[in-house]
């Protein structure tokens with residue numbers, strides 16, 4: 001789980017838009033870019049190379 005105050009500060013590195021926490025996939029999703037970024041060991045990996053397409 002990501003602290004909502006921290007989540008409000010994070011932005012998608014691809015689109016510059018907001019990210020939403022997805023508890024089912026343990027990821028941060030960017031609807032604007034159509035990708036998700038994994039959270040590994042509690043650390044969001046906000047790199048373009050780590051992005052995966054949304055379902």
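I'd like the full set of residues that are farther than 18 Å from residue 9 by Cβ and assigned to a strand (DSSP E or B), limited to the range 23-36.
Those that are farther than 18 Å from residue 9 by Cβ and assigned to a strand (DSSP E or B): 35, 36.
Out of everything in the range 1-12 that is without any contact (Cβ under 8 Å) to a residue 12 or more places away in the chain and in a loop (DSSP other than H, G, I, E, B), what residue ends up being surrounded by the most Cβ atoms within 10 Å (Cβ to Cβ)?
Of the range 1-12, the ones without any contact (Cβ under 8 Å) to a residue 12 or more places away in the chain are 3-6, 8-9, 11.
Retained after the next criterion (residues that are in a loop (DSSP other than H, G, I, E, B)): 3, 8-9.
On the way: 3: 9, 8: 11, 9: 8.
Among those residues, the one meeting the criterion is 8.
Can you tell me which residue within the range 42-55, out of those that are surrounded by 15 or more Cβ atoms within 10 Å (Cβ to Cβ) and either in a loop (DSSP other than H, G, I, E, B) or in contact (Cβ under 8 Å) with a residue 40 or more places away in the chain (or both), is farthest from the chain's Cα centre (by Cα)?
My answer is 51.
Looking at residue 39, is it in contact with a strand residue (DSSP E or B) (Cβ under 8 Å, 6 or more places away or on another chain), surrounded by 14 or more Cβ atoms within 10 Å (Cβ to Cβ) and part of a loop (DSSP other than H, G, I, E, B)?
For residue 39, the condition - in contact with a strand residue (DSSP E or B) (Cβ under 8 Å, 6 or more places away or on another chain), surrounded by 14 or more Cβ atoms within 10 Å (Cβ to Cβ) and part of a loop (DSSP other than H, G, I, E, B) - is not met.
For the range 13-25, state whether one or more residues are at pLDDT 95 or above, surrounded by 16 or more Cβ atoms within 10 Å (Cβ to Cβ) and out of contact with any helix residue (DSSP H, G or I) (no Cβ under 9 Å at 6 or more places or on another chain).
There is no residue in the range 13-25 that is at pLDDT 95 or above, surrounded by 16 or more Cβ atoms within 10 Å (Cβ to Cβ) and out of contact with any helix residue (DSSP H, G or I) (no Cβ under 9 Å at 6 or more places or on another chain).
The values are calculated or read from the model by the stated rules, or taken from the named source; none is laboratory data. Only a predicted model underlies this, so the values are computations on that prediction, with no experimental measurement involved. Don't worry about glycine lacking a Cβ; one is built from the backbone with ideal geometry, like all the others, and counts go over all protein chains shown.
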